[in-house]
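First comes the structure, then the notes that go with it.
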């Protein structure tokens, strides 16, 4: 079974604290039924120009010593923080044409493409 291991990078909505990730990762890796593992997080303030700085530091701490895929970018980070794209992005609300900051975006809603 493939697993996404969530890091609490500051949003405080689920996830392991960065200093616990290595231990949890090693415990999961030791399980025979665990397949590929991806480190993930969700940025609390990616709509701000410097909104991911402290979160990225926490994620780097959590990922230290791990060779893993990363999925960090929510809608705002997908739009405005290319340095956080890594392996997977998760463009949630922007797929429906809504802006994570309230500002206009260049993204058209998915329904426009499937009509």
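Given the condition under 30 Å from residue 104 (Cα atoms) and touching a strand residue (DSSP E or B) at 6+ places or on another chain (Cβ under 8 Å), answer yes or no: does some residue in the stretch 22-36 qualify?
The first filter runs over the stretch 22-36 and keeps only residues under 30 Å from residue 104 (Cα atoms), leaving none.
Within the stretch 22-36, none of the residues are under 30 Å from residue 104 (Cα atoms) and touching a strand residue (DSSP E or B) at 6+ places or on another chain (Cβ under 8 Å).
Filter the stretch 48-64 down to the residues that are farther than 21 Å from residue 78 by Cβ and in contact with a helix residue (DSSP H, G or I) (Cβ under 6 Å, 6 or more places away or on another chain) and list them by number. Working first, answer last.
Within the stretch 48-64, the first condition is being farther than 21 Å from residue 78 by Cβ, and the residues that meet it are 61, 64.
Within the stretch 48-64, just 61 meets the criteria.
No lab work stands behind these numbers, since they all come straight from the coordinates. Keep in mind that what you see is a predicted model, and the values were worked out from it rather than measured. As a convention, Cβ positions derive from the backbone with ideal geometry for all residues, glycine included, and neighbour counts pool all protein chains shown.
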